[in-house]
Amino acid sequence: MTQLNEALLGILACPNCRSSLVVDYEASELVCAKPECGLAYPVRDSIPILLVDEARAPGHSRAEVDEDDDATHVVARDEDE
């Protein structure tokens, strides 16, 4: 994955919980910094895909998400919702 624009990273937030995102260049993902959420959003062709349905839930590998369509719908939610 190529470097992402720092200005863009400064304004992006997790669509699920609105926390900041941390770049994982090795996995080509943006990962939610809030441990209770922890969703990992893929980056494809240097474009962050910030859709909850495309996110990898904590504890799931990218291969599991690709193989099992239901795994893409595993979403951490606050108890208030």
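Where residues in region 17-49 are assigned to a loop (DSSP other than H, G, I, E, B) and within 9 Å of the chain's Cα centre (by Cα), which of them is surrounded by the most Cβ atoms within 10 Å (Cβ to Cβ)? Restricting to residues being assigned to a loop (DSSP other than H, G, I, E, B) and within 9 Å of the chain's Cα centre (by Cα), the top hit is LEU39.
Of all residues in region 2-40, those satisfying the criterion of being charged (D, E, K, R) and either in contact with a Lys or Arg (Cβ under 8 Å, 6 or more places away or on another chain) or within 17 Å of HIS60 (Cα to Cα) (or both) are ASP24, GLU26, GLU29, LYS34, GLU36.
With respect to the conditions (1) surrounded by fewer than 20 Cβ atoms within 10 Å (Cβ to Cβ); (2) closer than 20 Å to MET1 by Cα; (3) within 8 Å of the chain's Cα centre (by Cα), VAL52 lacks only one, and its number is (2).
Quick one: would you say ALA76 is outside any loop (DSSP other than H, G, I, E, B) and modelled with pLDDT under 95?
So ALA76 fails the test.
Using beta carbons and a limit of 9 Å, which pairs, at least six apart or on different chains, have the first residue in region 3-30 and within 13 Å of LEU50 (Cα to Cα) and charged (D, E, K, R) and the second one modelled with pLDDT of 95 or more and in a loop (DSSP other than H, G, I, E, B)? Once the first residue is within 13 Å of LEU50 (Cα to Cα) and charged (D, E, K, R) and sits in region 3-30, its partners that are modelled with pLDDT of 95 or more and in a loop (DSSP other than H, G, I, E, B) give ARG18/LYS34; GLU29/ALA55.
The values are calculated or read from the model by the stated rules, or taken from the named source; none is laboratory data. Predicted, not measured: the structure shown is a model, and the values here were computed from it. Reconstructed Cβ throughout: ideal geometry from the backbone, glycine too, with neighbour counts over all protein chains shown.
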